[in-house]
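Following: one structure in structure tokens, then a few remarks.
Every read-out reported here was derived from the displayed coordinates using simple, explicitly stated rules and does not represent laboratory data. Please read all numbers here as calculations on a predicted model, not as lab measurements. Quick reminder, even Gly has a Cβ in these numbers, built from the backbone with ideal geometry, and neighbours come from all protein chains shown.
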Amino acid sequence: MENELQYVLVDINNLRFAVDVGYVNMIIKNNNFTRVPGSLYYYKGLINYRGDIVAVVDLKKKLFLIDDNSNKQKKRSGRIILVKRDDKELIGLRTDSATEVKAVKTTDFLQDFYIPENIIDGKAFISAAFKVENEIVYVIDINNMLMNK
């Protein structure tokens, strides 16, 4: 029997990404953010989640994705994936959508894959890739991304 890994599939700028479900605490609708003056450019702001203050990272900016501005509705109706690394505080990851949970066999990972040019400097946060229905899905390295916050 092959080993399978579970991922939440998310969309950002018409690209598909995957977040390991082991890090995912909850997926919530886009929320009202409290902006923090002087914060890093990729911080969307803070939200109140069940009494906890959670910093939200805009994955589009963290991955250095060039904004395609194709759908302003996505910006208003996005999702926030609440992740937790090593029992530390919750961090919110802002995406355009979170579509499904997918089981991926370890043999389904691509050995060689091309990272699109519109992921400028965020390539360090992509750890692997696999295909779903002829579309490449890029796995986000949550540990690396959160260590470099």
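Observations on the model:
- Modelled spin labels at residue 127 and residue 103, positioned 7 Å past Cα toward Cβ, are 2.1 nm from each other.
- Around the Cα centre of the stretch 4-147, unit charges on the Cβ atoms of Lys, Arg, Asp and Glu (plus for the first two, minus for the last two) sum to a dipole of about 680 debye.
- 3J(HN,Hα) from dihedral phi, the stretch 103-116, Karplus parametrisation 6.51/-1.76/1.60, rounded to Hz, x for glycine, proline: 8, 10, 6, 4, 6, 7, 6, 6, 6, 10, 8, 9, 9, x
- In the stretch 4-147, the DSSP beta bridges split such that about 85 percent are antiparallel, to the nearest 5.
- Distance violations [Cα-Cα > 21 Å] among 62/102; 102/131; 29/84; 84/131; 60/105: 62/102; 84/131; 60/105
- Normalised contact order of the stretch 4-147, rounded percent, pairs of Cα under 8 Å and 6 or more residues apart: 31
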